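Asker: Below is the structure I would like to discuss, written out as structure tokens.
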Amino acid sequence: MAKTTTLKAAPRLRSGSGKLKQMRREGWLPSVVYGRGVENENLKIDAKTFSELLAHSSSDSILINLDVEGEGVRSVFLKSIQHDPLTGHALHVDFLAVNDKTEITANIPIHLTGESKGVKKGGILEQYHHTIEIVCLPGDLPDAFEKDVSKLDQGDSLHIGDLEFPKGVKATHGNEIVIAHIGKPAALVSEEASGIEAVAEDEVPAIEQKDDEAPAEA
């Protein structure tokens, strides 16, 4: 299961774009906590500490104990991050207030392990989805999904239904969605395509011109 990290926060009284920019220059990251049954609260967190937290997490779907100055600790789920389109730096963070009965939606990374039989034969592992969207209660949130693909041969696929889900965790998409596929080598695909074209040409009957047929006039 995913680990819960503690992050210090403080109430944020300032608002307005100018004041928020000044807050960011001081090293703070504006944030808000909201959720069913709680009032929205503007907070600020240390930007450097938050950046380090993300750097050491396997995904952005994180459970956090917010230690709010003067108010105590509250459980929250990292809901979304607004980034600067030029620098990529975080500009604002939304937290969802949760308890042990709050159903959350999260994107969890998929780690494929092992070398497949198909790859050993020269095939290519193509992973179409690196995360999977799931719903669960906070206490059931997984850190990541791991799947051994060593038995997959060329032409085989890995589907969502092939993953092992912990109790209380379910995917939001159907089991038939393909996560990864073992493709054939490009040279083999080209060779097979050439063979198909050759067969097709052999099957086309030649049109014979009769001796008494005169060519069409231009």
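The values are calculated or read from the model by the stated rules, or taken from the named source; none is laboratory data. None of these values were measured; they are calculated from a predicted model. We place every Cβ from the backbone using ideal geometry, glycine too, and count neighbours over all the protein chains shown.
Asker: Please pick out the residue among SER61, SER31 that is surrounded by 14 or more Cβ atoms within 10 Å (Cβ to Cβ), assigned to a loop (DSSP other than H, G, I, E, B) and either under 27 Å from the mean Cα position of the chain (by Cα) or of a type outside the set (S, T, N, Q) (or both).
Answerer: After applying the criteria, what remains is SER61.
Asker: Counting only residues that are small (Gly, Ala, Ser), closer than 23 Å to GLU164 by Cβ and over 17 Å from the mean Cα position of the chain (by Cα), how many does segment 76-123 have?
Answerer: Total meeting the criteria: 3.
Asker: Return the pairs, sorted by first residue and then second, in which the second residue is of a type in the set (Phe, Trp, Tyr) and at pLDDT below 90, the first residue lies in segment 4-22 and is closer than 25 Å to SER61 by Cβ and not assigned by TED's automatic domain parsing to the domain that holds PHE77, the beta carbons are less than 9 Å apart, and the residues are 6+ apart or on different chains.
Answerer: Pairs found: none.
Asker: Can you run down the residue pairs with Cβ atoms below 9 Å, 6 or more apart or on separate chains, where the first is in segment 69-94 and of a type in the set (Ser, Thr, Tyr) and the partner is not in a strand (DSSP E or B)?
Answerer: From segment 69-94, the pairs are SER75/VAL98; SER75/ASN99; SER75/ASP100; SER75/THR102; SER75/PRO138; SER80/ASP60.
Asker: Run ARG12 past the list (1) crowded, with 18+ Cβ neighbours inside 10 Å; (2) of a type outside the set (Asp, Glu); (3) under 28 Å from the mean Cα position of the chain (by Cα) and report the number of the one that doesn't hold.
Answerer: Against the list (1) crowded, with 18+ Cβ neighbours inside 10 Å; (2) of a type outside the set (Asp, Glu); (3) under 28 Å from the mean Cα position of the chain (by Cα), ARG12 comes up short only on (3).
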